[in-house]
Amino acid sequence: MKITITRRRLLGASAATAFTTALLPRLTLGAAPLSVGSLTPNTGGGGPFGPNIAAAHKLVAEMVNGKGGVLGREIALHQENSETNPETAIRAARKLVDVNKVIGVLGTWSSSVTLGIMPLCQEANVIQMCTSSSANIPLKDKKGLVFNFMILSPVWGEAIGDLALRRGYKTYAVMALNNDFTKSMVDSFVAKVKAGGAKVLTEPFYYNGGQASYRAEVSRLIESKPEAVFIPSYVTDFTSVYKEIFRQGYEGKVITVSIATGSKFKKVVGAAADGILHGLPVPSLGSPAYKDYLKLVGLKDTGAVQHPFGTAGHDQMSVLLLAIASAGTDDVGKVRAHIHKIANPPGKTVSNVLDGFAALEAGEDINFTGASSDVDFKTPTGVLKSRDFMMWEIKDGKDVVVETIASAS
Amino acid sequence: MLSYLISMATFVGFFMILALALNLQWGMTGMVNFGIAGFYALGAYTSDLLTVEAGWPFLFGVAAAAVLGLAFGVALSFLSMRLRDDFLAIVTLGFAELVRLFALNEDWLTRGPRGLPIDVRPLSGVFGRDGYAAFYLAIVAVVVLAAFLVNERIRRSPYGRVAKAIREDDVVAEVLGKNVLRFRVQVFGIGALFMAVAGALYAHYTQNISPDHFTPVVAIFIWMSVIAGGAGNNKGLLLGAGLVMMFLEGTRFLGEFIAFLDAEKASAVRIILIGVLLILVIRFRPQGLMPEEKFKGTGEPAPEARHGKFVMQGLNRQNSKKGG
């Protein structure tokens, strides 16, 4: 029989070979490594934050591996890109769960991704650690396996509403980018200002992102001439929205969330940005864990907020590894219980994974306090108890801190 | 590992159904459909809402998705049939955005961006986790097979030959007495039906859908599958769908070999690589991995076919005269 090599066969064969060799398990020596998954938004809407989270996961894992790993096992960190898209993230999570057999998937950022991979993680009994604010996450987490390192968005709305009231604004109008994150925030903002005796003049409404112009939306928003408007959104759409607000000559106060007013926004908008009030949950800037984190990633302590999500990545990996060390096993049921044990008081306060290991070895109880927050969960759920919330006002193109509050969720 | 391969095979299955449907519409009949994600979402939301909110059984939900897909496919093609080629492409793209924005904004029905959870799955208590994955793959495989057989039957039949004639030159088909509009509407409807069924199966598989799942990127993957596999060749595009998924997911395993890059760069390299692989396929194999089979006659053409050929030749001659 004559075998001819056609282009089709060659392509097929080489593709098949590449695929199978890629799938072959790599040879490992010594105790089986402990697999941990990291699924971060390295591209797409979460692109500005994902790489920080991914790098923080890696740094903590390397630090622990440098000291011999956890329970004598090396940590094998498997990192994937969620592309901030649940459709892709599901397949990436499948790989982490089914091929790498990870104990947890850490670092998901947008709520749609966290919720999208939740059914498969719950089914496979895999821990999730995320920074997603949707109030739906705890509702759908039937097994108590999801630990959220970000406070839920209703708390954001409440904190911002509280400040607005104290500033003395009596009438408001609200519109928001239509996504899961802003929805529950708007509800809580409205409830807060109404409870404080202020009026919301028009029914809050939602707009779709990615539009060329927001003229109609902005006209509708400022039609009733409110003293202040609240517009939670992302930077991509807020820039266009703000341009329209400026063009239509609105003179009241504009209030939003800080992720919409980053340095790029200020650069594009220039002096017109002055006076915007914005807020964000922030790392505890004075905490030793935050200072440790800055050193670890090679940043200078400027006193300003840096890496609001990278710090959470650091805490996620630290908490998971400490819980495994404390449980003495990688059994998910036990690790889950020990996350509550090591993250919540009582116990010796530690802010660094290696100090935590040392304390555990000495037989002490620990209470991990992280770079992003105190990392205390509302047992038995994985909902974060509180995180510092900071409010700024833009003055001369710079963020000026108005106040910092510890917000309870 | 096995369960991973099973789940990837399931995803390939969704791609295959969508690719077969697109092949029917575009590969065979020449109708450009960029609205795949719209029909996919339509099926997913239909089946999801009917099974979860209205308590219908799984099969009824999928069947309703099929009916609705067919209805919307027929309606959309009717509306846009006088718009041809590029215009149809834009109408379908618009339709996909319409469906996505409807799902995003009609909160009372679809729960908007929060997404819908789906806990309805057929025989979910019977198998364990791994067994269930294999069972679901079997369901998807049956649908792929059905779509494949329908496509092949159409391709080999006189009906399929008319479709191809419309693709090559609808005026000729019209002149030969074929009702071009009817063929187009039917073919587009059948394709949309399969796309909606794929969406329903996807929803029950992932158990959580939100508008973010149905971005136009889905359509691009399916177009890549059909083009890489070979437009007009049903076997080829099954291969194409598998290949595209292999590019998308197989490249994840390269991460272990480029560990010196940080996660951000590694994911960028991966996406670049997917693009390069596709460019290579298109560059060296523009007709696709398995090109469309040439139509082989029985040797003795039927009288009307002979007549048709004669007419076509005549028309071609006329056209070339006009062009010259």
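Could you give each residue of the stretch A:376-381 its phi-based ³J(HN,Hα) in whole Hz, using Karplus coefficients 6.51, -1.76, 1.60 with θ = phi - 60°, and x for Gly or Pro?
Using θ = phi - 60°, the values come out as 10, 9, 7, 4, x, 8 Hz.
I want to check the label-to-label distance for B:E174 and A:L71. Put each point 7 Å from Cα in the C-beta direction and report it in nm to one decimal.
7.2 nm
Return the lysines within reach of A:K295: Cα separation strictly under 19 angstrom, same-chain partners fewer than 8 residues apart disregarded; answer none if there are no such residues.
A:K58, A:K67
In a GNM of chain A with a 10 Å cut-off on Cα contacts, which of A:V99, A:V241, A:V200 has the highest mean-square fluctuation?
Among A:V99, A:V241, A:V200, the largest mean-square fluctuation in the Gaussian network model of chain A belongs to A:V99.
Using a Gaussian network for chain B with springs between C-alpha atoms less than 10 Å apart, which of these wobbles most: B:L193, B:L201, B:L176?
Of B:L193, B:L201, B:L176, the most mobile in the Gaussian network model is B:L176.
Amide H to amide H under 5 Å from A:R73: which residues, 5+ apart in sequence or cross-chain, H placed 1.01 Å off N in plane?
Amide H neighbours of A:R73: none.
Using helices alone, I'd like the mean residue ellipticity at 222 nm for chain B: each DSSP H run of four-plus residues gives -39500 (n - 2.57), total over residue count, nearest 500.
Rounded to the nearest 500, it is -23000 deg cm²/dmol.
Most exposed first by the Cβ proxy, i.e. fewest other Cβ within 10 Å, how do B:R155, A:R166 rank?
Going from sparsest to densest Cβ surroundings: A:R166, B:R155.
Using the 10 angstrom Cβ neighbour count as an exposure proxy, how do A:T239, A:T131 rank, fewest first?
A:T239, A:T131
Have a look at A:S258, A:S219, A:S153 and tell me which one the Gaussian network model of chain A (Cα, springs below 10 Å) gives the largest fluctuation.
Result for chain A, Cα springs under 10 Å: A:S219 fluctuates most.
Helix A:235-247 versus the longest principal axis of chain A: what is the Cα-based angle in degrees, 0 to 90, to the nearest 10?
10 degrees
Would you mind checking which residues have amide H under 5 Å from A:T43's amide H? H placed 1.01 Å from N; only 5 or more apart, or other chain.
Those qualifying (amide H under 5 Å, at least 5 residues apart or on another chain) are A:S82, A:E83, A:T84.
To the nearest 10 degrees, how steeply does helix B:86-105 sit against the main Cα axis of chain B, on a 0 to 90 scale?
20 degrees
Enumerate by residue number the GluC sites (Glu not before Pro) in the stretch A:308-409 meeting two conditions: DSSP loop (anything except H, G, I, E, B), and at most 14 other Cβ atoms within 10 Å of the site's Cβ.
Those that pass, being in a loop and sparsely packed, are A:E364.
Answer rounded, prolate or oblate for the stretch B:20-160, using the Cα gyration tensor with square roots of eigenvalues a ≥ b ≥ c: rounded when a/c is under 1.5, else prolate when a/b is larger than b/c, else oblate.
Oblate is the answer for the stretch B:20-160, as a/c is 1.5 or above yet b/c matches or exceeds a/b.
Would you work out the charge dipole size for chain B about its Cα centre, treating the Cβ of every Lys and Arg as +1 and the Cβ of every Asp and Glu as -1, and quote it to the nearest 20 debye?
For chain B, the charge dipole is close to 1300 debye.
Based only on other Cβ atoms within 10 Å, what is the fewest-to-most ordering of B:L76, A:L296?
Fewest-to-most Cβ neighbours within 10 Å comes out as A:L296, B:L76.
Work from the charge dipole of the stretch B:2-215 (Cβ charges, +1 for Lys and Arg, -1 for Asp and Glu, about the Cα centre) and give the residue of B:A165, B:L18, B:A103 farthest towards its positive end.
Comparing the listed Cα positions along the dipole, B:A165 ranks first.
For the pairs A:K143/A:K291; A:K291/A:K398; A:K264/B:K265, note any where the Cα-Cα span goes beyond 31 Å.
A:K143/A:K291
For A:A176, what residues show an amide H to amide H distance below 5 Å, using hydrogens built from the backbone and excluding near sequence neighbours?
Sorted by chain and number, the residues that satisfy this are A:F205, A:Y206, A:Y207.
Could you name the aspartates and glutamates in cross-link range of A:K300, using Cα to Cα under 20 Å and dropping any fewer than eight places away on the same chain?
Result set, ordered by chain and number: A:D292, A:D315, A:D399.
Per DSSP H run of at least 4 residues, take -39500 (n - 2.57); add these up for chain A, divide by its residues and hand me the 222 nm value, nearest 500 deg cm²/dmol.
That calculation yields -13000 deg cm²/dmol at 222 nm.
List, in order, the whole-Hz ³J(HN,Hα) value for each residue of the stretch A:90-107 obtained from phi through the Karplus relation with A = 6.51, B = -1.76, C = 1.60 and θ = phi - 60°; use x for Gly and Pro.
Whole-Hz 3J(HN,Hα) from phi for the stretch A:90-107: 4, 6, 4, 5, 4, 4, 4, 6, 8, 9, 7, 6, 6, 7, x, 10, 10, x.
Straight-line reach from A:K142: which lysines have a Cα under 22 Å away, not including same-chain ones fewer than 8 places off?
Answer for A:K142, where 22 Å is the Cα cut-off: A:K101, A:K334, A:K341, A:K378, A:K385, listed by chain and number.
Placing +1 at every Lys and Arg Cβ and -1 at every Asp and Glu Cβ, with all other atoms neutral, what dipole size does the stretch A:229-323 have around its Cα centre, in debye to the nearest 20?
About 240 debye.
Between helix B:58-80 and chain B, what is the angle of the helix's C-alpha long axis to the longest principal axis, kept within 0 to 90° and rounded to the nearest 10?
Helix B:58-80 sits at roughly 40 degrees to that axis.
Quick note: the coordinates plus some simple rules give every number you see, no bench work behind them. The structure displayed is predicted, hence computed values, not measured ones. FYI the Cβ positions are ideal-geometry reconstructions off the backbone, even for glycines, and counts take in every protein chain you see.
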